[in-house]
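The values are calculated or read from the model by the stated rules, or taken from the named source; none is laboratory data. Computed from a predicted structure; not experimentally measured. For neighbour counting, all protein chains shown are included, and Cβ atoms are generated from backbone atoms with ideal geometry for every residue, glycine included. Side chains are part of the model used for accessible areas, which takes the heavy atoms of the whole protein and leaves out ligands, DNA and RNA. Shrake-Rupley method; radii C 1.70, N 1.55, O 1.52, S 1.80 Å.
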Amino acid sequence: MKVVLITGGSGGIGVSAARQCAADGMGVIVTYNNHPDFAEDVVKEIERAGGQAAALKLDVARTDSFGAFRDELKNMLRYFWGRDNLDVLVNNAGFGLFNLIESVTENQFDELFQVHLKGPFFLTQMLLPLISDGGHIINITSATTRVATVGVAPYAAFKGGLEVMTRYMAKEFGPRGIRANSVSPGAIRTSLGGGLNDEFEQLLASQTSLGRVGEPDDVGRVIAGLASERNGWINAQSIEVAGGYQI
């Protein structure tokens, strides 16, 4: 059985990815920061469907906590799956912020940087010895790296950095057979950045060739598909999942 770790797995795209991976027969570990009850609901749902899942607390902005997290993860892997490694790391945790460049504070800039670029970099570094040879790293980026969207410049810049970093991961980890890809969602109906009001959703739908905004499952299915052996020759790619947004 493959085991996948999904950061930010207690809401939105992370929840869908957890469900889809479990449905494909993978063991799932989801992380949460502020909502342990949401993460526990995900675990219980997967278990009721006959899957195996567990939850761990993780603040991806706290790189000083990664060593302790690694140790907890190793204990969990031994307890639930009788092994010392995992197969797939999904760097998904994040938050949104709408603010024009002229108004962004240094604190807001730093928080976005820590969660969307620094955190994934050093978490991957910390967990790399635990990722099995032939494993996979999936980084969740954003279609805002392709389409300039007013008000999300720092967020998009750091997601762009994560996209570039993905290719370097594929290059450097290739000798171990570890693949690295990024998944780039467009407008998705989640609570990220406060969610979508009706007017904004209609605007985004009108800019998308398929005529609607995305649902978490639209992205979760892609993540699970990449994690499977069915797509084992896809490597160093950025896969946009946006329904044809602004094309």
DSSP bridge pairs, the chain: antiparallel proportion in percent, nearest 5: 5
Rough spin-label spacing in nm, given labels placed 7 Å along Cα→Cβ, for F98 and D84: 4.9
Hey, can you rank 128-139, 42-53, 72-83 by average C-beta count inside 10 Å, highest first? 128-139, 42-53, 72-83
With every protein chain left in place and a probe of 1.4 Å, what is the accessible surface of I234, to the nearest 10 Å²? 50
Quick one: if the Förster radius is 22 Å, what FRET efficiency do E106 and S191 give, using the C-beta to C-beta distance and rounding to 0.05? 0.30
For E163, E172, the accessible-area ranking with a 1.4 Å probe, largest leading, is E172, E163
Just to confirm my numbers, what's the Cα centroid distance between the stretch 15-43 and the stretch 134-189 in Å? 21
For V183, what residues show an amide H to amide H distance below 5 Å, using hydrogens built from the backbone and excluding near sequence neighbours? N139, I140, T141, I239
Assigned charges on the beta-carbon of Lys, Arg, Asp, Glu; the stretch 132-190 dipole about Cα centre (debye): 100
At 0.36 nm per residue, and after removing the present C-alpha to C-alpha distance, how many nm does the segment from D71 to L203 gain when stretched out fully? 42.9 nm
In whole percents, the bins of 5 Å from zero upward hold the Cα-Cα pairs of the stretch 73-232 as 2, 8, 15, 19, 18, 15, 11, 7, 4, 1, 0
Restricting to lysines and to Cα separations under 28 Å from K159, and discarding same-chain partners fewer than 8 apart, the set is K2, K57, K118, K171
Using Cα pairs under 8 angstrom and six or more residues apart, how large is the relative contact order of the stretch 10-85, in percent? 25
Over the chain, give the accessible area per residue in Å² for a 1.4 Å probe, as an integer. 48
What percentage of the solvent-accessible surface of the chain, computed with a 1.4 Å probe over protein heavy atoms, is contributed by carbon and sulfur atoms? 52
Can you tell me the dipole magnitude for the chain around its Cα centre, using point charges on the Cβ only (Lys, Arg +1; Asp, Glu -1), in Debye to the nearest 20? 760
Just to verify a number: what accessible area does R19 come out at with the full protein assembly present, 1.4 Å probe, Å² rounded to tens? 100
